[in-house]
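Asks: Starting off with a structure, shown below.
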Amino acid sequence: MERSPAVASRPADDVVLGPVGTAPGAVEPRAPSAVDPDMAGWQRPGPTAEQLRGDLLVAACLFLGSVLSMALLRTAGIYDEPAAGWLSVLCLALGTLPLAVRRRWPAAVTVLVATAFVLAGELSVPETLFLNISLFMALYTVGAWTADRRRAAVVRAGVVTAMLIWLVYSIFRAATDPDSLPGLSRAGAFSPFVAYMLIQLLTNVLYFGGAVWFGEHSWTSARDRARTAYRGRLLQLERRVVERQAVALERLRIARELHDAVAHHVSVMGVQAGAARALQASDPARAAVALEHVEESARQAITELQGLLGTLREVPAEGVTSGGVAVVGPGARDSVGSLTVERIPDLVAQSSEIGLPATFQVVGDPVPLPPLVSLNLYRIAQEALTNSRKHGGVGARADVRLRYLGDAVELEVADDGAGTRRGPVASSGLGLVGMRERVAADGGTLDARPRSRGGFLVRARIPLDAASASTGREAS
């Protein structure tokens, strides 16, 4: 009985699902390649230890299955003169066991398996099923794992051509041997014998075509996964750059606002010091000591501010955006020195007028705040209300609370998120980055997160030590 490859069932491998050991559609848990998958030098990442163990198990199972199949066929007596037992086992080992390293050396394994397949056919080894599966897997692996795509194409073309030549030779030999396939009539141009041979030819075309197609598809899928991972890595790097730029821009703006907020009070100190010097005749000793402290503090503050501003580039006019989001409420064009927590009620009223109903409540006994702390709290409330209006949707409501806790001041802006959204809203996340920078500049903490019952919460807590409290009283 002549041997010809039969269409094998699709192997339990990574034809579509990915490498052995990964879930369907899952991406291999490897770091993205440093080489762009669209470049010519890209290579598929090597097999994992789990995949190699899976290949070893598959090869052992195929070998044991082929030995069992051989024993059953010998017992059935289908082959008139089968090969000797030891020779059959040797051919089966050569045709199945190399699959244990098929991902490491796919081309060499395919050549070995194809050679064993031809030898088993010529020596009448009584086994067909498992050798067909092994040859299919070997051809598939060449297309799926060979890094040199030209070599993969050459090896597959060579093996397929050699196997088809051997098949044609086997058909010719069967056609000229009257004792071959005695149960099939050869009479007529389209005899049962000819039909049988055509079925064999069609079967092998589909067999080899499937092995080549699945292997190429696996390689393409692996490249697509690598391309996705590579682009995701680039996006992460780009996002980090954008965040660093946002932090730098926010620090520039904070530094400028620091100058505007403090310079006003320092200038007042200078004017008061000059007036006191003019009146020192009424209490010379006391006025002299006070004036020395005031003037020295004013000089140090102005010197430090000028040194800081000298390192900054010119920043565009204030009031267009805040952390990448349009500013809501008053303060976009107001003098920075006037933007304090006392202006937060104006923000709340403005928010209610433009579509986000909001309430404001002060908890505790208000105390004077340092200028920079008061300015940053105002900006945080402004940004939080902007985000609530943008992400909460039409009909959402916000609640703003300013708490004086003795040793700290706390600003809380929360929305219920119950509004109707007209579509997805893009967010860069830079507004939260700016808030964190402002709070960190004052030594505080920021809690920004979704609420369990819906909506979003922003809570900024800034500690107030004795020095800052006294600074706030003197500045006021």
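Asks: Return yes or no: is F136 under 18 Å from L68 (Cβ atoms) and among the aromatic types (F, W, Y)?
Replies: no
Asks: Out of the residues in segment 343-373 that are free of Cβ contacts under 8 Å to residues at least 40 places away in the same chain, assigned to a helix (DSSP H, G or I) and small (G, A, S), which is surrounded by the fewest Cβ atoms within 10 Å (Cβ to Cβ)?
Replies: A349
Asks: Is segment 66-83 home to any residue that is in a helix (DSSP H, G or I), among the charged types (D, E, K, R) and modelled with pLDDT of 90 or more? If you could, list the steps in order and put the result at the bottom.
Replies: Here is the first cut: in segment 66-83, the residues in a helix (DSSP H, G or I) are 66-76.
Among the residues that remain, those that are also among the charged types (D, E, K, R) are: 74.
Restricting the remaining residues to those that are modelled with pLDDT of 90 or more gives none.
No, that holds for no residue.
Asks: Moving on to the next point. Can you pull out the residues in segment 193-228 that are within 17 Å of the chain's Cα centre (by Cα) and buried (at least 17 other Cβ atoms within 10 Å of the Cβ)? Outline the logic, then answer.
Replies: Residues of segment 193-228 that are within 17 Å of the chain's Cα centre (by Cα), as a first pass: 222-228.
Hits for segment 193-228 are A222, R225, A226.
Residues are listed down the side, and each one gets a yes or a no for (1) part of a helix (DSSP H, G or I); (2) among the charged types (D, E, K, R); (3) modelled with pLDDT of 80 or more; (4) within 30 Å of R225 (Cβ to Cβ):
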site: S124; (1), (2), (3), (4): no, no, yes, no
site: E127; (1), (2), (3), (4): no, yes, yes, no
site: V160; (1), (2), (3), (4): yes, no, yes, yes
site: L167; (1), (2), (3), (4): yes, no, yes, no
site: A174; (1), (2), (3), (4): yes, no, no, no
site: P182; (1), (2), (3), (4): no, no, no, no
site: T203; (1), (2), (3), (4): yes, no, yes, no
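Asks: How many residues are assigned to a loop (DSSP other than H, G, I, E, B) and over 21 Å from D55 (Cα atoms) when one looks only at segment 129-158? Let's see the steps before the verdict.
Replies: Taking segment 129-158 first, the residues assigned to a loop (DSSP other than H, G, I, E, B) are 146-148.
Imposing the further condition that a residue be over 21 Å from D55 (Cα atoms) reduces the set to 148.
Number of matching residues: 1.
Asks: Starting from residues that are of a type in the set (D, E, K, R) and modelled with pLDDT of 90 or more, keep the ones in segment 443-472 and report whichever is surrounded by the most Cβ atoms within 10 Å (Cβ to Cβ).
Replies: Residues of segment 443-472 that are of a type in the set (D, E, K, R), as a first pass: 447, 449, 451, 453, 459, 461, 465.
The next check asks that each one be modelled with pLDDT of 90 or more; those that pass are 447, 459, 461.
On the way: D447: 12, R459: 19, R461: 17.
Within segment 443-472, the match that is surrounded by the most Cβ atoms within 10 Å (Cβ to Cβ) is R459.
Asks: Of the conditions (1) at pLDDT 85 or above; (2) surrounded by fewer than 18 Cβ atoms within 10 Å (Cβ to Cβ); (3) in a helix (DSSP H, G or I), V439 clears all except one; give me its number.
Replies: Here V439 meets the rest and fails (2).
Asks: Next question. Within segment 64-96, track down each residue that is buried (at least 20 other Cβ atoms within 10 Å of the Cβ) and within 25 Å of Q51 (Cα to Cα).
Replies: Hits for segment 64-96 are S66, L92, G95, T96.
Asks: Taking P24 as the residue in question, decide whether it is modelled with pLDDT under 80, touching a Lys or Arg at 6+ places or on another chain (Cβ under 6 Å), closer than 30 Å to L234 by Cβ and of a type outside the set (K, R).
Replies: Considered against the rule, which asks whether it is modelled with pLDDT under 80, touching a Lys or Arg at 6+ places or on another chain (Cβ under 6 Å), closer than 30 Å to L234 by Cβ and of a type outside the set (K, R), P24 comes out as no.
Asks: Between R44, R103, R30, which is at pLDDT below 85, crowded, with 20+ Cβ neighbours inside 10 Å and either part of a loop (DSSP other than H, G, I, E, B) or not aliphatic (A, V, I, L, M) (or both)?
Replies: Numbers: R103 fails: at pLDDT below 85; R30 fails: crowded, with 20+ Cβ neighbours inside 10 Å.
Unique residue meeting the criteria: R44.
Asks: While we're on this one: Here are L430, L405, L411: which of them is more than 21 Å from A349 (Cβ to Cβ), buried (at least 19 other Cβ atoms within 10 Å of the Cβ) and either at pLDDT below 80 or over 31 Å from the mean Cα position of the chain (by Cα) (or both)?
Replies: Testing whether each residue is more than 21 Å from A349 (Cβ to Cβ), buried (at least 19 other Cβ atoms within 10 Å of the Cβ) and either at pLDDT below 80 or over 31 Å from the mean Cα position of the chain (by Cα) (or both) leaves just L430.
The values are calculated or read from the model by the stated rules, or taken from the named source; none is laboratory data. As the structure is a prediction and not an experimental result, all values here were calculated from the model. Please note: Cβ atoms are built from the backbone with ideal geometry, for glycine as well, and neighbour counts cover all protein chains shown.
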